[in-house]
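The values are calculated or read from the model by the stated rules, or taken from the named source; none is laboratory data. The structure presented is a predicted model; accordingly, all values stated were derived computationally and were not measured. So basically every Cβ, Gly included, is an ideal-geometry build from the backbone, and we count neighbours across all protein chains shown.
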Amino acid sequence: MFELVFLGTSASAPSIHRGLPSLAVLAGEHRYLVDCGEGTQRQILRSGIGFKRLNRILLTHAHLDHILGLGGLISTFANFESVDFIEIYGGKPALDRVDTLLFSVVLREERNPMPISLVDIHRASRVLDARTHEVYAFPVQHRGPGCFGFEFREHAHRPFLAERAAELGVPTGPERGMLVRGESVVLADGRAIAPGDVLGPEVAGAKVVVMADVGRTDTLVEQCRDADALVIEATFLDEHADEARAFGHITARQAAELAVASGVRSLILWHVSRRYRERDIVAEARSVFPEAIVARDFDHFTIKRGEGATRLAPVLAHEDESQ
């Protein structure tokens, strides 16, 4: 299972109700930040998730509305928060800007109390491998080189069959934990129980695909195939498709068409422009993908395999943007 907490959902500039792009992805004991627009650290505080273990930052591209919040966030980490390390992943254009921002401005005259690693992504690749999941980067087309999306993929697992274990006399306790980890156990009566005796068939894990700014979708269908949740921009409406194309963006309709073509279970739109009413974005997307959602700041979702996105109550009440 993954959790998504939207910290900022506006495009290019903040609005009264929306901050600049940033999304927290929670995966067990691991926490990731996708993009870090201006004001993200305050949004983190307001969301209630806090700073703890939020030390891996994935940047979709180099544009300032997606990275300027790093200055304040890293300054806060350096001065007030106990963080063992910071890893920032992105294409070279993004990392070059971050290097200047952090080491020539924010930390120029300060002692940096934690190591900061800038990890260059230059091709489609697995960038992180944790116990329960993996994170992959894949290239997208926007404006200029070094633009990426990210896929969060939960490892497949074999469910523990409690009734079968009880039939075999496996006691509740550490023996069951060992079997789940793939280790055989010997019971008090001398019988050996192998993991295969109490584990069911392999079950695929959840898959979440996250993108910010993209200029085309035809190259992304297979990447998004069968995702439990697709998070992608909806900066323009279809009436301004030519303008969207000129600036390397897509429309809400195009995002929904990608969701249909890829067979995703849930579509969550963000990076929305102040020029449109939220209800108009929703209407356009749902005319193609009926369950499409336009995320608001502090929206909180859980993503489970085969179930798609479940919206949880946000920490803060939303203002009504539908008018």
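Residue check: VAL140 meets all listed conditions (1) under 30 Å from VAL180 (Cα atoms); (2) modelled with pLDDT of 95 or more but one, namely (1). For region 184-204, filtering for residues that are more than 30 Å from GLU307 (Cα to Cα) and among the charged types (D, E, K, R) leaves 2.
Of all residues in region 163-172, at least one satisfies being more than 26 Å from THR132 (Cα to Cα) and either in contact (Cβ under 8 Å) with a residue 40 or more places away in the chain or not in a helix (DSSP H, G or I) (or both). Condition test on LEU220, is it under 22 Å from THR9 (Cα atoms) and either surrounded by fewer than 24 Cβ atoms within 10 Å (Cβ to Cβ) or outside the structural domain of VAL294 (by TED's automatic domain parsing) (or both)? Yes; evaluated as a whole, the condition is true for this residue. Pairs are defined by a Cβ separation below 8 Å, a sequence spacing of at least 6 or placement on different chains, a first member in region 70-86 that is within 19 Å of VAL34 (Cβ to Cβ) and assigned by TED's automatic domain parsing to the domain that holds GLU110, and a second member that is assigned to a loop (DSSP other than H, G, I, E, B) and aliphatic (A, V, I, L, M); the pairs so defined are ILE74/LEU107; PHE77/VAL83; PHE77/MET114; VAL83/MET114; PHE85/MET114; ILE86/MET114.
For the structure I just gave you, tell me whether ARG31 is part of a strand (DSSP E or B) and of a type in the set (Lys, Arg). Answer is yes for this residue.
Quick one: VAL5 ticks every box in (1) part of a strand (DSSP E or B); (2) over 27 Å from HIS249 (Cβ atoms) except a single one, so which number is it? That leaves (2) as the condition not met.
Here's a check for you: in region 26-46, which residue that is in contact with a strand residue (DSSP E or B) (Cβ under 8 Å, 6 or more places away or on another chain) and among the hydrophobic types (A, V, I, L, M, F, W, C) is farthest from ALA11 (Cα to Cα)? Here the answer is ALA27. The residue that is farthest from the chain's Cα centre (by Cα), counting only those in region 282-300 that are among the aliphatic types (A, V, I, L, M) and farther than 11 Å from ALA255 by Cα, is ALA283.
Residues in region 79-100 that are of a type in the set (Lys, Arg) and either under 21 Å from the mean Cα position of the chain (by Cα) or closer than 22 Å to ARG53 by Cβ (or both): LYS92 only. There is no residue in region 59-78 that is at pLDDT 95 or above, under 13 Å from the mean Cα position of the chain (by Cα) and not in a loop (DSSP other than H, G, I, E, B).
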